[in-house]
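A.B. asks: This is the structure I want to talk about, given as structure tokens.
Just so it is clear, none of the values below were taken in a lab; they were calculated from the coordinates. Quick caveat: nothing in here was measured; it's all calculated off a predicted structure. Positions of Cβ are generated from backbone atoms using ideal geometry, with glycine treated the same way; all protein chains shown enter the neighbour counts.
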Amino acid sequence: MTNVSIGGDVTDSVMVFGNDNYVVKIGDVNGGIVNIIKPSDKPEYTARSSPVTVRPRAFASLLDREKESDSIEKAVQSSVPVSVWGEQGVGKTAFIRHMTHSLDIASFTSGIIYLDTSGLEYEDLLQALFDSFFESDTSYKPTTAEIILALQNIKALIILDDLEVGQDEATAILDAAPNSLFILSSTERSLWGEGEVITLQGLPENESIKLFEKELSRALNDQEKIIAAKICALLKGHPLSILQAASLARDTGSSMDELLGKLTNETINDVSMTYMDMAKLSVSEKQILALLAAAGGNIISLEHIKGIFKDGSGQNDIQRLITLGLVQAHSPRFSITDALVASVAAAWDLTSWQDVLLNYTINWLGQQPASALVEESSGLLIHTLKTAGERKKWREVIQLGHALEKFMVLFKRWQTWSDILNWILTAAKALNDSKTQAWALHQLGSRALYLGYASEAKTFLSQALNIRQVIGDKAGLAITQHNINTLNGIIAPLKGNASGCKKYLTYGCGTAIGLTILTVIALAAIFFWPFSGNNDVTPTEPPVVSSPTSTPSPTLVSTITKTPTDIVTRTSSPTLTPTATPTPVLLYDFVERADEAYWFNVLQNSDGEFQSDLTFFSEPFSPNPETYLSEFGNNYAGWDFSVPLMNGRTYKKVLLTYPYYERLKVFGDYEK
């Protein structure tokens, strides 16, 4: 698949800019901070040079499939979308690879792209499509609506392999780029009621025998061809199963009769285990298979295998497994098929190996690996988190989720980010960990706020605010209140037109912006365990490892959970404490004639709402706004120049406030 180009490593925080004047900073221990930027600072994207061409390697030795090839060629000529589907191992990817190099694409002015979409949900898949046709800064994350708008005029042939979305989402993907033509490849039928549907079956007998001979590396005599035909029939003509059978006969020297005898009493789903039994795998080879099965078919890099099998046996033994066709090489990464995963999981207890992966990935992320390595391992990491949740390993879910979520923000996989946050939230509820519950809700709300889902953002942020107030989490409360205030500023009513309107510019919780962005907390002490190659070890027994050390999150009673209130600003009496280190906050520096607005404070407590006027400084207070703050004990509102803000840039002119009291809000009301 086409990946987002990532520059540098993730060590403490991530800033992402969007098209709706929002910037979100992820990395603070208390949660993400959402601010408003001026339109001139909005990131821009540009179209890649046309035509874009992203193809996989050609598959030169494709057998059969003439009928299916003709059907796709006719569909492409008629601009009809195609759904190619069939069981795993039947040869879908080989077929699709061949077609990407044989189809006439002259009419597709935007080009042709092939994407391996395994593990990508709808929103993340749209992001991958956007990145295929457009270039943008790594800190720019468009919303789904912006992506769909950008794809409207793209006219390309788009091949999506290993598609995992449902029928409705598949249709939505087609609608997102209406001038493009899609070929979808999946294990389930993707299109209903429209398009060309091609069911890929096993190979015919003659082609099956040819494939068997090719992998066997010798010609079969007439008697062997009869036996090979029976073997291929038992395997339903599935290319992968045929290749594995031929590899086994070649590697072990088994006769055709012996191979046929072993397979006669097995179903196709049990074939892999029969191969393993006939191959007389060593203990360490079985351990490699158990590890790869625990990974759920996701790719594991050689670095991870070396990290788990410290004695070097993993690297040595995996070569024979590749020769046997049991392990797929992605140089230098490895995986096994979903069918083999299911067979191994049914025969062996993989629990201990799942624990190995869980502990290893937590500690590996704790070492702050390069972002490119994390992206390469993202499928494995997400699968490990998901299985940990399914097994109710709640503390580990929180540890791994905390370490992983920031990378998903940077990689622009925001639907996966949402999934991770929901797993963390589920784990926190199971542990009665109120602080982590509030953090996860805050992150979900901040994500929704950035993406423009105002109602969803208000719900999540209000829930986070309730919890943080009850448990006395002042730092977290300040950041959540800040994001709520940002939300209020965004959704406030706009009256009139550009030449005459009323806007409410708000700022709240000075303490929130005063917080320093912290480095991600080290998750655990790094550990690697000795591995014994003793042949007495059972096939599924992993190396002995210790669980990663961690500081458990505080456990609090669950009575704090409340139904979120619609009132965003809390009505309890505030403590009027001068802000220790005032920090400028960009509000709307694009607002013209802000000096003509009526500026005022609003303070709410249990007795009601109070309002006081503010002086607006058309020129910065001399010598500086901070001096005004300390001398007069009141909020500063006005212009300032050459101000460094949270996004790391220095702005020539900004409209800002310096908060003096915690939980004070500043409003600007103007009409033309």
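A.B. asks: Order by neighbour count: H482, H442, fewest other Cβ atoms within 10 Å first, most last.
C.D. replies: Details: H482 25, H442 28.
Arranged by neighbour count, lowest to highest, H482, H442 become H482, H442.
A.B. asks: Between their Cα atoms, which of K386/K406; K74/K210; K392/K429 are more than 20 Å away from each other?
C.D. replies: Values: K386/K406 17 Å; K74/K210 28 Å; K392/K429 12 Å.
Checking Cα-Cα distances, K74/K210 exceed 20 Å.
A.B. asks: Given the convex hull over the Cα atoms of segment 45-199, what projected area results after averaging over all orientations, in nm²? Present the calculation step by step, with values, prior to reporting the outcome.
C.D. replies: Working: hull surface 35.3 nm².
Result: a mean projected hull area of 8.8 nm².
A.B. asks: By counting other Cβ atoms within 10 Å of each Cβ, how are D317, D137 ranked from fewest to most?
C.D. replies: Least crowded to most crowded, the residues run D137, D317.
A.B. asks: Okay, next question. For a bin width of 5 Å, list the pair-distance distribution of segment 203-270 built from all Cα-Cα distances, rounded to whole %.
C.D. replies: 3, 20, 35, 29, 12, 2
A.B. asks: How big is the equivalent ellipsoid of segment 281-348 along its three axes, where each semi-axis is √(5λ) from the Cα gyration tensor, reported in whole Å from largest to smallest?
C.D. replies: Numbers: eigenvalues 56, 32, 26 Å².
So the three semi-axes of segment 281-348 are 17, 13, 11 Å.
A.B. asks: I would also like to ask the following. Averaging sequence separations of C-alpha pairs under 8 Å and six or more residues apart, then dividing by the length of segment 45-199, give the relative contact order as a whole percent. Mind dumping the intermediate values first?
C.D. replies: Working: 261 pairs, mean separation 56.0, N = 155.
RCO, segment 45-199: 36 percent.
A.B. asks: Please report the spacing between the Cα centers of segment 49-63 and segment 89-156 in Å, no decimals.
C.D. replies: Measuring centre to centre over Cα atoms gives 13 Å.
A.B. asks: If I model a spin label at N316 and E194 as a point 7 Å from the Cα along the Cα→Cβ vector, what separation in nanometres do I get?
C.D. replies: 5.8
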